[in-house]
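Undergrad: Here it is: the structure, laid out below.
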Amino acid sequence: MSSDQQPVLPNRQIPFSKAFTEFISTDWAPYGEQLPDPLPSTAHTAARREMVSAMFPGERIVIPAGGYRVRSNDTDFRYRAHSAFAHLTGLGTDREPDAVLVMEPVGGGHEACIYFSPRAPRTDPEFYSSSRYGEMWVGQRESLAEMSAMAALPTAPIGSLAEAVGRDTGTVRVRVLRDADADITAMVDAARGEASVECDTELQVALSELRLVKDPYELEQLRAACRATATGFEAVVAELPRAVAAGRGERWVEGVFGLHARHAGNAVGYDTIAACGDHATTLHWIRNDGDLRNGDLLLLDAGVELDSLYTADVTRTVPVSGTFTAAQRKVYEAVLEAQQAGIDAARPGVKMRAIHDAAVAVIARKLSEWGILPVSAEESLSDEGGQHRRWMVHGTSHHLGLDVHDCAQARQENYREGVLAEGMVVTVEPGIYFKSTDLLVPDELRGIGIRIEDDIAITADGCDILSSALPRDPDAVEAWITRIWGES
Ligand code: GLY
Ligand code: MN
Ligand code: MN
(Lines give C-alpha, C1' and ligand atoms only; values in the text may rest on other atoms or scores of the structure.)
(Ligands and ions follow the chains in the order given, each with its own letter.)
Protein backbone atom coordinates (compact mmCIF):
# COMPACT_ATOMS: atom_id res chain seq x y z
CA MET A 1 0.00 0.00 0.00
CA SER A 2 1.33 3.40 -0.85
CA SER A 3 0.67 6.54 1.12
CA ASP A 4 -2.63 8.09 0.09
CA GLN A 5 -0.92 11.17 -1.22
CA GLN A 6 1.74 11.12 -3.86
CA PRO A 7 5.03 12.59 -2.62
CA VAL A 8 4.78 16.27 -3.33
CA LEU A 9 7.97 17.88 -4.53
CA PRO A 10 8.58 20.67 -1.98
CA ASN A 11 9.68 23.14 -4.64
CA ARG A 12 6.29 22.82 -6.39
CA GLN A 13 3.97 22.90 -3.39
CA ILE A 14 1.75 25.99 -3.36
CA PRO A 15 0.13 26.36 0.08
CA PHE A 16 -3.70 26.36 0.19
CA SER A 17 -5.26 29.35 1.93
CA LYS A 18 -8.05 29.03 4.50
CA ALA A 19 -10.35 30.89 2.11
CA PHE A 20 -9.63 28.32 -0.60
CA THR A 21 -10.15 25.27 1.61
CA GLU A 22 -13.50 26.62 2.77
CA PHE A 23 -14.58 27.63 -0.73
CA ILE A 24 -13.50 24.51 -2.62
CA SER A 25 -15.86 22.17 -0.77
CA THR A 26 -19.03 24.11 -1.56
CA ASP A 27 -21.61 24.18 -4.38
CA TRP A 28 -21.05 20.82 -6.06
CA ALA A 29 -23.92 18.75 -7.37
CA PRO A 30 -24.41 15.64 -5.20
CA TYR A 31 -23.10 12.31 -6.42
CA GLY A 32 -25.66 10.20 -8.29
CA GLU A 33 -27.55 7.63 -6.28
CA GLN A 34 -27.74 5.05 -9.05
CA LEU A 35 -25.35 2.16 -8.37
CA PRO A 36 -23.36 0.73 -11.30
CA ASP A 37 -24.23 -2.65 -12.79
CA PRO A 38 -22.08 -5.61 -11.77
CA LEU A 39 -19.19 -6.15 -14.19
CA PRO A 40 -19.84 -9.05 -16.62
CA SER A 41 -16.88 -10.90 -15.10
CA THR A 42 -18.69 -11.17 -11.76
CA ALA A 43 -20.84 -13.98 -13.14
CA HIS A 44 -17.68 -16.09 -12.79
CA THR A 45 -15.61 -14.61 -9.98
CA ALA A 46 -17.57 -16.25 -7.15
CA ALA A 47 -16.87 -19.69 -8.63
CA ARG A 48 -13.16 -18.84 -8.90
CA ARG A 49 -13.09 -17.76 -5.24
CA GLU A 50 -14.89 -20.98 -4.29
CA MET A 51 -11.96 -22.91 -5.74
CA VAL A 52 -9.52 -20.87 -3.65
CA SER A 53 -11.71 -21.42 -0.61
CA ALA A 54 -11.68 -25.18 -1.13
CA MET A 55 -7.88 -25.19 -1.37
CA PHE A 56 -7.30 -23.25 1.85
CA PRO A 57 -10.09 -24.16 4.30
CA GLY A 58 -10.03 -22.32 7.60
CA GLU A 59 -7.26 -19.93 6.47
CA ARG A 60 -7.31 -16.19 5.86
CA ILE A 61 -6.21 -15.32 2.31
CA VAL A 62 -4.90 -11.84 1.52
CA ILE A 63 -4.60 -10.84 -2.13
CA PRO A 64 -3.43 -7.26 -2.76
CA ALA A 65 -4.04 -5.45 -6.03
CA GLY A 66 -0.73 -3.61 -5.66
CA GLY A 67 -0.05 0.09 -5.82
CA TYR A 68 1.21 2.54 -8.38
CA ARG A 69 4.76 2.09 -9.61
CA VAL A 70 6.86 5.21 -9.76
CA ARG A 71 8.13 6.12 -13.21
CA SER A 72 10.14 9.08 -12.00
CA ASN A 73 9.72 11.40 -9.01
CA ASP A 74 6.00 12.09 -8.71
CA THR A 75 5.07 10.51 -12.03
CA ASP A 76 3.72 6.94 -12.02
CA PHE A 77 3.28 4.27 -14.66
CA ARG A 78 -0.30 3.72 -15.71
CA TYR A 79 -1.96 1.56 -13.08
CA ARG A 80 -2.62 -2.13 -13.59
CA ALA A 81 -3.72 -4.46 -10.82
CA HIS A 82 -1.98 -7.75 -10.06
CA SER A 83 -3.57 -10.39 -12.28
CA ALA A 84 -4.53 -12.64 -9.34
CA PHE A 85 -6.52 -9.76 -7.85
CA ALA A 86 -8.17 -9.04 -11.21
CA HIS A 87 -9.00 -12.73 -11.64
CA LEU A 88 -10.74 -13.06 -8.25
CA THR A 89 -12.52 -9.69 -8.20
CA GLY A 90 -13.25 -9.20 -11.91
CA LEU A 91 -11.96 -5.62 -11.73
CA GLY A 92 -10.12 -4.42 -14.83
CA THR A 93 -8.71 -1.16 -16.18
CA ASP A 94 -7.50 1.29 -13.52
CA ARG A 95 -8.99 -0.62 -10.57
CA GLU A 96 -8.13 -0.49 -7.84
CA PRO A 97 -4.82 0.97 -6.67
CA ASP A 98 -3.85 -0.25 -3.17
CA ALA A 99 -7.00 -2.36 -2.79
CA VAL A 100 -6.81 -5.72 -1.05
CA LEU A 101 -9.09 -8.75 -1.37
CA VAL A 102 -9.39 -10.63 1.91
CA MET A 103 -11.02 -14.05 2.08
CA GLU A 104 -11.99 -14.64 5.68
CA PRO A 105 -12.69 -18.23 6.79
CA VAL A 106 -16.29 -18.50 7.93
CA GLY A 107 -18.06 -21.77 8.64
CA GLY A 108 -16.91 -24.28 6.06
CA GLY A 109 -16.03 -21.63 3.48
CA HIS A 110 -14.90 -18.03 3.16
CA GLU A 111 -16.43 -14.55 3.04
CA ALA A 112 -14.62 -12.20 0.69
CA CYS A 113 -14.30 -8.43 1.08
CA ILE A 114 -12.49 -5.75 -0.91
CA TYR A 115 -10.67 -3.21 1.25
CA PHE A 116 -9.90 0.01 -0.62
CA SER A 117 -9.81 3.80 -0.41
CA PRO A 118 -13.30 4.94 -1.37
CA ARG A 119 -13.65 8.47 -2.68
CA ALA A 120 -13.41 11.02 0.08
CA PRO A 121 -16.11 13.65 0.52
CA ARG A 122 -15.42 16.97 -1.18
CA THR A 123 -14.77 18.47 2.23
CA ASP A 124 -11.67 16.27 2.51
CA PRO A 125 -8.34 17.73 1.31
CA GLU A 126 -7.98 14.57 -0.82
CA PHE A 127 -10.55 16.07 -3.21
CA TYR A 128 -8.19 18.78 -4.43
CA SER A 129 -4.72 17.90 -3.12
CA SER A 130 -4.15 14.19 -3.77
CA SER A 131 -2.79 13.63 -7.24
CA ARG A 132 -3.25 9.87 -6.76
CA TYR A 133 -6.79 9.71 -5.42
CA GLY A 134 -8.29 13.19 -5.59
CA GLU A 135 -11.30 13.80 -7.82
CA MET A 136 -9.69 17.00 -9.12
CA TRP A 137 -6.69 14.95 -10.29
CA VAL A 138 -7.89 11.51 -11.31
CA GLY A 139 -11.64 11.94 -11.69
CA GLN A 140 -14.53 10.61 -9.67
CA ARG A 141 -13.74 7.32 -7.98
CA GLU A 142 -16.08 4.75 -6.45
CA SER A 143 -17.79 4.88 -3.08
CA LEU A 144 -17.89 1.74 -0.97
CA ALA A 145 -21.41 1.01 -2.24
CA GLU A 146 -20.50 1.58 -5.90
CA MET A 147 -17.44 -0.68 -5.73
CA SER A 148 -19.54 -3.27 -3.96
CA ALA A 149 -22.14 -3.16 -6.75
CA MET A 150 -19.50 -3.35 -9.51
CA ALA A 151 -17.59 -6.28 -8.05
CA ALA A 152 -20.60 -7.99 -6.43
CA LEU A 153 -18.64 -8.19 -3.19
CA PRO A 154 -18.74 -6.56 0.22
CA THR A 155 -16.32 -3.65 0.60
CA ALA A 156 -14.67 -1.92 3.54
CA PRO A 157 -12.39 1.09 3.98
CA ILE A 158 -8.68 0.32 3.70
CA GLY A 159 -8.16 1.81 7.16
CA SER A 160 -9.85 -1.24 8.68
CA LEU A 161 -7.55 -3.71 6.90
CA ALA A 162 -4.84 -3.99 9.56
CA GLU A 163 -7.39 -5.02 12.18
CA ALA A 164 -9.02 -7.53 9.81
CA VAL A 165 -5.70 -9.07 8.83
CA GLY A 166 -4.33 -9.23 12.37
CA ARG A 167 -7.38 -10.76 14.07
CA ASP A 168 -6.85 -14.13 15.86
CA THR A 169 -3.53 -14.82 14.18
CA GLY A 170 -2.73 -17.22 17.01
CA THR A 171 -5.42 -19.59 15.73
CA VAL A 172 -6.01 -18.60 12.10
CA ARG A 173 -3.30 -19.16 9.50
CA VAL A 174 -2.86 -16.14 7.22
CA ARG A 175 -1.42 -16.33 3.72
CA VAL A 176 -0.57 -13.33 1.57
CA LEU A 177 0.24 -13.07 -2.13
CA ARG A 178 3.73 -11.76 -1.41
CA ASP A 179 4.71 -10.34 -4.78
CA ALA A 180 1.74 -7.99 -5.15
CA ASP A 181 2.37 -5.27 -2.56
CA ALA A 182 5.42 -5.02 -0.27
CA ASP A 183 3.58 -2.90 2.33
CA ILE A 184 0.70 -5.35 2.69
CA THR A 185 3.13 -8.25 2.85
CA ALA A 186 4.96 -6.44 5.68
CA MET A 187 1.61 -5.86 7.43
CA VAL A 188 0.77 -9.56 7.26
CA ASP A 189 4.26 -10.61 8.36
CA ALA A 190 3.99 -8.28 11.37
CA ALA A 191 0.54 -9.60 12.26
CA ARG A 192 1.60 -13.24 12.23
CA GLY A 193 5.07 -12.52 13.63
CA GLU A 194 6.94 -14.25 10.81
CA ALA A 195 7.49 -14.09 7.05
CA SER A 196 6.04 -17.58 6.28
CA VAL A 197 7.50 -17.43 2.78
CA GLU A 198 6.89 -21.11 2.10
CA CYS A 199 3.20 -20.97 2.90
CA ASP A 200 2.83 -17.79 0.85
CA THR A 201 4.58 -19.44 -2.09
CA GLU A 202 2.01 -22.25 -1.95
CA LEU A 203 -0.70 -19.62 -2.32
CA GLN A 204 1.12 -17.95 -5.21
CA VAL A 205 1.48 -21.28 -7.03
CA ALA A 206 -2.16 -22.22 -6.36
CA LEU A 207 -3.49 -18.90 -7.68
CA SER A 208 -1.33 -19.24 -10.79
CA GLU A 209 -2.45 -22.81 -11.46
CA LEU A 210 -6.07 -21.81 -10.87
CA ARG A 211 -5.86 -19.84 -14.11
CA LEU A 212 -4.57 -22.71 -16.26
CA VAL A 213 -8.11 -23.58 -17.43
CA LYS A 214 -10.18 -20.64 -18.62
CA ASP A 215 -13.90 -20.27 -17.91
CA PRO A 216 -16.33 -19.28 -20.70
CA TYR A 217 -16.04 -15.57 -19.90
CA GLU A 218 -12.25 -15.74 -20.15
CA LEU A 219 -12.41 -17.63 -23.45
CA GLU A 220 -14.76 -15.02 -24.84
CA GLN A 221 -12.45 -12.21 -23.70
CA LEU A 222 -9.40 -13.87 -25.25
CA ARG A 223 -11.30 -14.33 -28.49
CA ALA A 224 -12.24 -10.64 -28.43
CA ALA A 225 -8.63 -9.66 -27.67
CA CYS A 226 -7.54 -11.62 -30.75
CA ARG A 227 -10.19 -9.88 -32.86
CA ALA A 228 -9.00 -6.45 -31.72
CA THR A 229 -5.41 -7.51 -32.35
CA ALA A 230 -6.28 -8.55 -35.91
CA THR A 231 -7.74 -5.09 -36.50
CA GLY A 232 -4.48 -3.55 -35.25
CA PHE A 233 -2.41 -5.76 -37.57
CA GLU A 234 -4.60 -4.77 -40.55
CA ALA A 235 -4.06 -1.11 -39.70
CA VAL A 236 -0.30 -1.68 -39.60
CA VAL A 237 -0.35 -3.32 -43.03
CA ALA A 238 -2.31 -0.37 -44.43
CA GLU A 239 0.39 1.96 -43.08
CA LEU A 240 3.43 0.04 -44.37
CA PRO A 241 4.16 2.35 -47.34
CA ARG A 242 3.87 5.39 -45.10
CA ALA A 243 6.08 3.77 -42.47
CA VAL A 244 8.75 3.13 -45.13
CA ALA A 245 8.58 6.76 -46.28
CA ALA A 246 8.56 8.22 -42.75
CA GLY A 247 11.87 6.71 -41.61
CA ARG A 248 12.13 4.99 -38.20
CA GLY A 249 9.29 2.93 -39.59
CA GLU A 250 9.44 0.42 -36.74
CA ARG A 251 8.27 3.19 -34.40
CA TRP A 252 5.51 4.08 -36.84
CA VAL A 253 4.34 0.49 -36.77
CA GLU A 254 4.49 0.38 -32.97
CA GLY A 255 2.50 3.61 -32.81
CA VAL A 256 -0.21 2.47 -35.20
CA PHE A 257 -0.70 -0.77 -33.29
CA GLY A 258 -0.61 1.10 -29.97
CA LEU A 259 -3.35 3.44 -31.19
CA HIS A 260 -5.62 0.48 -31.85
CA ALA A 261 -4.69 -1.19 -28.56
CA ARG A 262 -5.58 1.91 -26.57
CA HIS A 263 -8.68 2.51 -28.63
CA ALA A 264 -10.06 -1.03 -28.44
CA GLY A 265 -8.75 -1.95 -25.02
CA ASN A 266 -6.66 -0.95 -22.05
CA ALA A 267 -3.21 -1.05 -23.65
CA VAL A 268 -0.80 -3.36 -25.39
CA GLY A 269 -0.48 -6.59 -23.40
CA TYR A 270 3.33 -6.33 -23.58
CA ASP A 271 5.80 -4.07 -25.37
CA THR A 272 5.27 -4.39 -29.10
CA ILE A 273 8.09 -5.97 -31.07
CA ALA A 274 8.30 -4.23 -34.45
CA ALA A 275 11.44 -5.62 -36.06
CA CYS A 276 12.55 -5.13 -39.62
CA GLY A 277 15.27 -7.17 -41.34
CA ASP A 278 18.06 -8.32 -39.04
CA HIS A 279 16.32 -6.73 -36.03
CA ALA A 280 13.85 -9.62 -36.23
CA THR A 281 16.65 -11.97 -35.18
CA THR A 282 16.72 -10.23 -31.78
CA LEU A 283 13.92 -11.99 -29.93
CA HIS A 284 12.81 -9.11 -27.73
CA TRP A 285 13.49 -6.23 -30.12
CA ILE A 286 11.42 -3.51 -28.45
CA ARG A 287 13.71 -0.56 -29.19
CA ASN A 288 11.89 -0.36 -32.51
CA ASP A 289 13.98 2.51 -33.81
CA GLY A 290 14.90 1.11 -37.21
CA ASP A 291 13.74 1.93 -40.72
CA LEU A 292 11.30 -0.18 -42.66
CA ARG A 293 12.81 -1.13 -46.01
CA ASN A 294 11.19 -2.61 -49.08
CA GLY A 295 12.76 -6.02 -49.65
CA ASP A 296 12.97 -6.78 -45.92
CA LEU A 297 10.52 -8.57 -43.67
CA LEU A 298 8.71 -6.95 -40.77
CA LEU A 299 8.21 -9.17 -37.73
CA LEU A 300 5.35 -7.75 -35.67
CA ASP A 301 4.69 -9.39 -32.30
CA ALA A 302 1.85 -7.50 -30.63
CA GLY A 303 -1.33 -8.01 -28.65
CA VAL A 304 -4.27 -5.93 -27.47
CA GLU A 305 -5.06 -6.14 -23.77
CA LEU A 306 -8.77 -5.47 -23.29
CA ASP A 307 -10.29 -3.40 -20.48
CA SER A 308 -10.85 -6.72 -18.70
CA LEU A 309 -7.01 -7.12 -18.85
CA TYR A 310 -7.06 -10.28 -21.00
CA THR A 311 -4.47 -10.07 -23.77
CA ALA A 312 -3.74 -11.60 -27.14
CA ASP A 313 -0.17 -12.45 -28.20
CA VAL A 314 0.20 -12.71 -31.97
CA THR A 315 3.10 -12.56 -34.41
CA ARG A 316 3.03 -12.15 -38.16
CA THR A 317 6.10 -11.74 -40.34
CA VAL A 318 5.23 -9.91 -43.54
CA PRO A 319 7.15 -8.64 -46.56
CA VAL A 320 7.36 -4.83 -46.40
CA SER A 321 7.08 -4.64 -50.20
CA GLY A 322 4.05 -6.94 -50.22
CA THR A 323 5.93 -9.86 -51.83
CA PHE A 324 8.26 -12.45 -50.24
CA THR A 325 11.63 -13.03 -51.89
CA ALA A 326 12.43 -16.70 -52.69
CA ALA A 327 14.80 -16.94 -49.72
CA GLN A 328 12.29 -15.37 -47.32
CA ARG A 329 9.54 -17.65 -48.57
CA LYS A 330 11.71 -20.74 -48.07
CA VAL A 331 12.31 -19.90 -44.40
CA TYR A 332 8.72 -18.72 -43.92
CA GLU A 333 7.30 -21.99 -45.23
CA ALA A 334 9.53 -23.96 -42.87
CA VAL A 335 8.33 -21.94 -39.86
CA LEU A 336 4.73 -22.34 -40.99
CA GLU A 337 5.17 -26.10 -41.32
CA ALA A 338 6.64 -26.17 -37.81
CA GLN A 339 3.77 -24.11 -36.45
CA GLN A 340 1.18 -26.35 -38.10
CA ALA A 341 2.89 -29.40 -36.61
CA GLY A 342 2.64 -27.74 -33.19
CA ILE A 343 -1.03 -26.89 -33.69
CA ASP A 344 -1.78 -30.42 -34.91
CA ALA A 345 -0.20 -31.81 -31.73
CA ALA A 346 -2.36 -29.65 -29.45
CA ARG A 347 -5.28 -31.59 -28.02
CA PRO A 348 -6.53 -32.64 -24.59
CA GLY A 349 -4.62 -35.42 -22.90
CA VAL A 350 -1.19 -34.72 -24.42
CA LYS A 351 1.61 -32.93 -22.61
CA MET A 352 2.08 -29.24 -23.30
CA ARG A 353 5.65 -29.94 -24.38
CA ALA A 354 4.31 -32.06 -27.26
CA ILE A 355 3.57 -28.79 -29.09
CA HIS A 356 7.18 -27.69 -28.80
CA ASP A 357 8.56 -31.12 -29.64
CA ALA A 358 6.45 -31.33 -32.81
CA ALA A 359 7.45 -27.85 -33.97
CA VAL A 360 11.17 -28.14 -33.35
CA ALA A 361 11.30 -31.54 -35.04
CA VAL A 362 10.33 -29.71 -38.24
CA ILE A 363 12.83 -26.91 -37.62
CA ALA A 364 15.70 -29.33 -37.02
CA ARG A 365 14.81 -31.31 -40.14
CA LYS A 366 14.70 -28.14 -42.28
CA LEU A 367 18.02 -26.89 -40.92
CA SER A 368 19.51 -30.27 -41.68
CA GLU A 369 18.08 -30.34 -45.23
CA TRP A 370 19.55 -26.89 -45.85
CA GLY A 371 22.97 -28.11 -44.75
CA ILE A 372 23.15 -25.69 -41.85
CA LEU A 373 22.89 -28.09 -38.92
CA PRO A 374 26.35 -29.54 -38.11
CA VAL A 375 24.83 -32.84 -36.84
CA SER A 376 21.84 -34.94 -37.88
CA ALA A 377 18.37 -33.71 -36.96
CA GLU A 378 18.00 -36.69 -34.60
CA GLU A 379 21.23 -35.91 -32.78
CA SER A 380 20.29 -32.25 -32.51
CA LEU A 381 16.88 -33.18 -31.08
CA SER A 382 18.41 -35.48 -28.46
CA ASP A 383 18.94 -34.29 -24.88
CA GLU A 384 22.70 -34.26 -25.49
CA GLY A 385 22.36 -32.23 -28.69
CA GLY A 386 20.30 -29.09 -29.08
CA GLN A 387 22.39 -27.51 -31.86
CA HIS A 388 19.23 -26.36 -33.68
CA ARG A 389 18.50 -24.07 -30.75
CA ARG A 390 21.16 -21.70 -32.09
CA TRP A 391 18.45 -20.67 -34.59
CA MET A 392 15.41 -20.91 -32.27
CA VAL A 393 16.47 -20.52 -28.69
CA HIS A 394 12.99 -19.90 -27.24
CA GLY A 395 10.11 -22.23 -26.39
CA THR A 396 7.14 -22.73 -28.70
CA SER A 397 4.29 -22.31 -26.25
CA HIS A 398 3.18 -20.54 -23.13
CA HIS A 399 -0.15 -20.09 -21.41
CA LEU A 400 -2.03 -16.89 -22.20
CA GLY A 401 -4.69 -15.01 -20.26
CA LEU A 402 -4.59 -12.02 -17.94
CA ASP A 403 -0.82 -12.12 -18.28
CA VAL A 404 0.88 -12.61 -21.61
CA HIS A 405 2.97 -15.30 -19.94
CA ASP A 406 0.06 -16.52 -17.86
CA CYS A 407 0.25 -18.93 -14.95
CA ALA A 408 3.98 -18.28 -14.72
CA GLN A 409 4.23 -19.60 -11.15
CA ALA A 410 2.61 -22.93 -12.02
CA ARG A 411 4.77 -25.94 -11.22
CA GLN A 412 6.74 -27.53 -14.04
CA GLU A 413 4.66 -30.73 -13.75
CA ASN A 414 1.52 -28.69 -14.39
CA TYR A 415 3.02 -26.43 -17.05
CA ARG A 416 5.60 -27.69 -19.53
CA GLU A 417 5.19 -31.28 -18.36
CA GLY A 418 1.49 -30.76 -17.66
CA VAL A 419 -1.30 -32.31 -19.69
CA LEU A 420 -3.38 -30.09 -21.95
CA ALA A 421 -7.05 -29.83 -21.00
CA GLU A 422 -10.13 -28.32 -22.59
CA GLY A 423 -10.29 -24.61 -21.81
CA MET A 424 -6.54 -23.98 -21.72
CA VAL A 425 -5.27 -21.21 -23.97
CA VAL A 426 -1.69 -21.35 -25.20
CA THR A 427 0.42 -19.82 -27.93
CA VAL A 428 2.11 -21.72 -30.75
CA GLU A 429 5.05 -19.62 -31.89
CA PRO A 430 8.01 -21.28 -33.57
CA GLY A 431 10.57 -19.19 -35.38
CA ILE A 432 13.85 -19.30 -37.26
CA TYR A 433 16.35 -16.51 -36.73
CA PHE A 434 19.42 -16.19 -38.95
CA LYS A 435 21.56 -13.35 -37.67
CA SER A 436 23.45 -11.31 -40.27
CA THR A 437 26.65 -12.18 -38.38
CA ASP A 438 26.12 -15.95 -38.42
CA LEU A 439 28.96 -17.48 -40.42
CA LEU A 440 27.27 -20.90 -40.51
CA VAL A 441 24.35 -19.58 -42.54
CA PRO A 442 24.38 -19.14 -46.34
CA ASP A 443 24.63 -15.51 -47.42
CA GLU A 444 21.13 -15.29 -48.88
CA LEU A 445 19.53 -16.38 -45.58
CA ARG A 446 21.49 -14.08 -43.26
CA GLY A 447 19.45 -11.30 -41.67
CA ILE A 448 16.16 -13.18 -41.97
CA GLY A 449 14.13 -13.63 -38.79
CA ILE A 450 10.68 -15.19 -38.92
CA ARG A 451 8.18 -16.09 -36.22
CA ILE A 452 4.53 -17.03 -36.66
CA GLU A 453 2.49 -16.94 -33.45
CA ASP A 454 -1.15 -17.83 -32.89
CA ASP A 455 -3.27 -18.22 -29.80
CA ILE A 456 -5.17 -21.48 -29.51
CA ALA A 457 -7.86 -22.73 -27.14
CA ILE A 458 -7.83 -26.44 -26.36
CA THR A 459 -11.23 -27.93 -27.19
CA ALA A 460 -12.81 -31.32 -26.42
CA ASP A 461 -11.04 -32.99 -29.36
CA GLY A 462 -8.33 -30.65 -30.58
CA CYS A 463 -7.90 -26.91 -30.63
CA ASP A 464 -9.43 -23.74 -31.95
CA ILE A 465 -7.21 -20.98 -33.36
CA LEU A 466 -8.45 -17.78 -31.72
CA SER A 467 -6.30 -15.58 -33.94
CA SER A 468 -7.32 -17.22 -37.23
CA ALA A 469 -8.62 -13.92 -38.66
CA LEU A 470 -5.00 -13.22 -39.63
CA PRO A 471 -3.64 -15.18 -42.61
CA ARG A 472 -0.63 -17.46 -42.20
CA ASP A 473 -0.12 -19.09 -45.58
CA PRO A 474 2.43 -17.00 -47.56
CA ASP A 475 0.17 -16.63 -50.61
CA ALA A 476 -2.70 -15.60 -48.33
CA VAL A 477 -0.41 -13.09 -46.59
CA GLU A 478 0.52 -11.50 -49.94
CA ALA A 479 -3.13 -11.44 -51.04
CA TRP A 480 -4.10 -9.90 -47.70
CA ILE A 481 -1.56 -7.11 -48.11
CA THR A 482 -2.68 -6.48 -51.70
CA ARG A 483 -6.33 -6.31 -50.61
CA ILE A 484 -5.65 -3.89 -47.74
CA TRP A 485 -3.52 -1.62 -49.93
CA GLY A 486 -6.27 -1.70 -52.56
CA GLU A 487 -8.79 -0.53 -49.98
CA SER A 488 -6.68 2.16 -48.33
N1 GLY B 1 5.39 -11.53 -27.12
C2 GLY B 1 6.04 -12.33 -26.17
C3 GLY B 1 5.91 -13.74 -26.50
O4 GLY B 1 5.58 -14.07 -27.62
O5 GLY B 1 6.04 -14.59 -25.67
MN1 MN C 1 4.10 -15.51 -27.01
MN1 MN D 1 4.47 -12.83 -28.90
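The values are calculated or read from the model by the stated rules, or taken from the named source; none is laboratory data. These numbers come from a predicted model, not from an experiment. As a convention, Cβ positions derive from the backbone with ideal geometry for all residues, glycine included, and neighbour counts pool all protein chains shown. With ligands, DNA and RNA removed, areas are computed over all heavy atoms of the protein, side chains included. Shrake-Rupley method; radii C 1.70, N 1.55, O 1.52, S 1.80 Å.
Undergrad: If you line up the long axis of helix 474-487 against the longest principal axis of the chain, both from Cα atoms, how many degrees apart are they, to the nearest 10?
TA: With rounding to tens, the tilt is 60 degrees.
Undergrad: Less than 19 Å apart at the alpha-carbon level, and either on another chain or at least 8 residues along: which lysines does that give for Lys351?
TA: Reachable lysines: Lys214.
Undergrad: Shifting gears a bit: Could you tell me how many degrees, from 0 to 90 and to the nearest 10, lie between the Cα long axis of helix 353-369 and the main elongation axis, the longest principal axis, of the Cα atoms of the chain?
TA: For 353-369 against the chain, the angle is about 30 degrees.
Undergrad: Another question, then. State the answer as a single residue: which of Leu367, Leu298, Val331 lies farthest towards the positive end of the charge dipole of the chain, with beta carbon charges of +1 for Lys and Arg and -1 for Asp and Glu, about the Cα centre.
TA: Of the options given, the answer is Leu298.
Undergrad: Determine the sum of side-chain charges near Pro57: Lys and Arg each +1, Asp and Glu each -1, restricted to other residues whose C-beta is under 14 angstrom from that of Pro57.
TA: Neighbour charge sum, excluding Pro57 itself: -1.
Undergrad: So if I place +1 on the C-beta of Lys and Arg and -1 on the C-beta of Asp and Glu, and nothing else carries charge, what would the dipole magnitude of region 46-184 be about its Cα centre? I want it in debye, nearest 20. Working shown, then result.
TA: Working: 16 positive and 19 negative charges, 69 e Å.
Computed about the Cα centre, the dipole is about 340 debye.
Undergrad: Cα axis of helix 249-264 to longest principal axis of the chain: angle in degrees, 0 to 90, nearest 10?
TA: That helix lies at roughly 50 degrees to the long axis.
Undergrad: Turning to a different aspect of this structure: Please list, or write none, the lysines whose alpha carbon is within less than 18 Å of the alpha carbon of Lys330, excluding same-chain residues fewer than 8 places away.
TA: Lys366, Lys435
Undergrad: Name all residues of region 403-428 having a backbone nitrogen under 17 Å from the label point set 7 Å from the Cα of Val350 along its Cα→Cβ direction, giving them as ranges.
TA: 415-428
Undergrad: If the only charges are +1 at each Lys and Arg Cβ and -1 at each Asp and Glu Cβ, what is the size of the charge dipole of region 326-432 around the Cα centre, to the nearest 20 debye?
TA: My answer is approximately 220 debye.
Undergrad: With all protein chains present and a 1.4 Å probe, how do Met187, Met136, Met352 order by accessible area, largest first?
TA: In descending accessible area the options line up as Met136, Met187, Met352.
Undergrad: Here is a follow-up. Once the cut-off is 37 Å, how many percent of the Cα-Cα pairs in the chain end up in the long-distance tail?
TA: For the chain, the fraction of Cα-Cα distances above 37 Å is 38 percent.
Undergrad: If you wrap a convex hull around the Cα atoms of region 34-164, how much volume per residue is inside, in Å³? Could you put the intermediate results ahead of the total?
TA: Numbers: hull volume 15.7 nm³, N = 131.
That works out to 120 Å³ per residue.
Undergrad: Have a look at Ile184, Ala164, Gln204 and report the one farthest towards the positive end of the charge dipole of region 159-209, computed about the Cα centre with Cβ charges (Lys/Arg +1, Asp/Glu -1).
TA: Final value for the positive-end residue is Ala164.
Undergrad: Using the Cα centre as the reference, give the magnitude of the dipole from point charges on the C-beta atoms of the chain (Lys, Arg: +1; Asp, Glu: -1; all else neutral), rounded to the nearest 20 debye.
TA: Once rounded to the nearest 20, the dipole reads 680 debye.
Undergrad: Still on this structure, I have one more. Quick one: plug the Kirkwood hydrodynamic radius of region 366-488 (C-alpha pairs) into Stokes-Einstein at 10 °C, 1.306 mPa s, and report D in µm²/s.
TA: Here the translational diffusion coefficient equals 92 µm²/s.
Undergrad: May I ask you to compute the full-extension gain from Asp94 to Asp438, defined as 0.36 nm times their residue separation minus their alpha-carbon distance, rounded to one decimal in nm? Present the calculation step by step, with values, prior to reporting the outcome.
TA: On the way: separation 344, 0.36 × 344 = 123.84 nm, distance 4.53 nm.
Length difference between fully extended and current span is 119.3 nm.
Undergrad: Using a 1.4 Å probe on the protein heavy atoms only, what accessible surface does Ser321 show? Give it in Å² to the nearest 10.
TA: So the heavy atoms of Ser321 present about 50 Å² to solvent.
Undergrad: Still on this structure, please answer the following. Would you give the gap between the C-alpha center of region 106-140 and the C-alpha center of region 188-215, rounded to a whole Å?
TA: Value for the Cα centre distance between the two parts: 25 Å.
Undergrad: Which residue, Ala46, Leu420, Leu466, has the largest displacement toward the positive end of the dipole of the chain when charges sit on each Cβ (Lys, Arg +1; Asp, Glu -1)?
TA: With unit charges placed on the Cβ atoms, the residue in question is Leu466.
Undergrad: Turning to a different aspect of this structure: Can you pull the accessible area of Arg119 for me, 1.4 Å probe, Å² to the nearest 10?
TA: For Arg119, the solvent-accessible surface is approximately 40 Å².
Undergrad: If you find the alpha carbon centre of region 411-488 and of region 309-330, how far apart are they in angstrom?
TA: The distance from the Cα centre of region 411-488 to that of region 309-330 comes to 9 Å.
Undergrad: Over the chain, what percent of the accessible surface lies on carbon and sulfur atoms, probe 1.4 Å?
TA: After summing per-atom areas, the C and S share lands at 52 percent.
Undergrad: So for the pair Thr201, Ser376, with labels modelled 7 Å out along Cα→Cβ, what separation do we get in nm?
TA: It is 4.2 nm.
Undergrad: Counting only heavy atoms of the protein chains, get the accessible area per residue of region 85-224 (1.4 Å probe) and round it to a whole Å² value.
TA: 38 Å²
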